[in-house]
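Student: Here it is, the structure, as structure tokens.
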Amino acid sequence: MLKFFLMLSTILLLSACGTLNFDKLSEDGRFEGTVLVMWVEENNTNSGNGKFVYVPAPGDPLRFVRGNDADGATVKIIEPEMMYTDGGTIPRQIQLFKGFSPWGYAPAYMIHDWLFVARHCINDDTANDRQSVIADMKFIESAEIIGEAIKALVVAEKVQKNDVAPAAISNAVAGPISYQSWVAQNRCAANKVTEDHRAQVTAALAPQAIILGPKTENIEPVIISNTARLVTSLSF
């Protein structure tokens with residue numbers, strides 16, 4: 001997912017002379033739908049505060065529609081499927097600074113996370129139809145998209161304008177660590193949301209009892225428990 005592994009000096013450097021020209025990115029993209037993220041269990045590592053699942057809101061899923069001036073766009077509309085997410089995995093030291101909250105640009109992070117989930121399945125030759133639409137996308141375009149998405153949040157006044165964070169984040173995800181993740185193999189299966197966690201999500205959305213994803217013997221349209229907790233919900 002979104003790994004920065006940066007100290008503040010590196011972020012400031014990236015914002016000044018990164019590999020991606022943030023200022024020239026499209027500004028007329030837009031978000032549609034709702035961001036719905038749920039906590040499903042504690043995290044057994046020291047890398048975060050829990051295990052989270054992005055959930056496409058029934059009837060109102062999150063979409064990012066790229067602007068007309070997005071040069072060479074591989075896809076026009078990006079709509080994530082259910083997936084694990086950690087928001088923006090930003091070092092705790094950096095989170096103290098304005099604009100670097102791991103959930104501050106949550107909609108943009110969901111879009112970026114989905115691109116990598118899809119890419120990993122493409123790399124493993126197991127992509128579904130929704131994932132396969134980005135098969136021709138180059139790595140640098142994934143960084144351009146998160147920049148466009150952050151700009152869209154600013155234009156829509158969902159977040160405050162920040163002169164450092166958006167460009168720094170866009171350049172960070174255009175760097176070598178993200179690239180190594182983009183080309184990695186044998187990660188698709190690990191990205192898939194387990195049946196147990198899908199059941200928790202289904203239960204949390206009761207009484208509608210909507211099944212999110214293919215039904216199996218272990219996922220029934222009834223209230224199993226309400227252990228999934230809503231973390232963030234933002235509508236556009």
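Student: With every protein chain left in place and a probe of 1.4 Å, what is the accessible surface of T126, to the nearest 10 Å²?
Tutor: Approximately 70 Å² for this residue.
Student: Still on this structure: Which order do you get for K76, K138 if you rank them by accessible area with a 1.4 Å probe, largest at the top?
Tutor: Listed by decreasing accessible area, they come as K138, K76.
Student: Sorted by accessible area with a 1.4 angstrom probe, largest first, how do E32, E148, E42 fall?
Tutor: Descending accessible area places them as E42, E32, E148.
Student: Could I ask something else about it? Using a 1.4 angstrom probe and counting only protein chains, how large is the accessible area of D28 in Å², to 10?
Tutor: Taking all protein chains as shown, D28 has close to 80 Å².
Student: Still on this structure, please answer the following. Would you list, by chain and number, the aspartates and glutamates whose Cα falls below 19 Å from the Cα of K24, excluding same-chain residues fewer than 8 positions away?
Tutor: Within the straight-line limit of under 19 Å, K24 reaches these aspartates and glutamates: D69, D71, E141, E144, E148, D163.
Student: While we're looking at this one, here's another question. Show me the ranking of peptides 151-163, 54-66 by mean Cβ neighbours inside 10 Å, starting with the highest.
Tutor: In descending order of packing, they fall as 54-66, 151-163.
The values are calculated or read from the model by the stated rules, or taken from the named source; none is laboratory data. Worth saying up front: this structure is predicted, and the values here are computed from it rather than measured. All Cβ positions, glycine included, derive from the backbone under ideal geometry; neighbour counts span all protein chains shown. The area values use the complete protein model at the heavy-atom level, side chains included, leaving out ligands, DNA and RNA. Shrake-Rupley method; radii C 1.70, N 1.55, O 1.52, S 1.80 Å.
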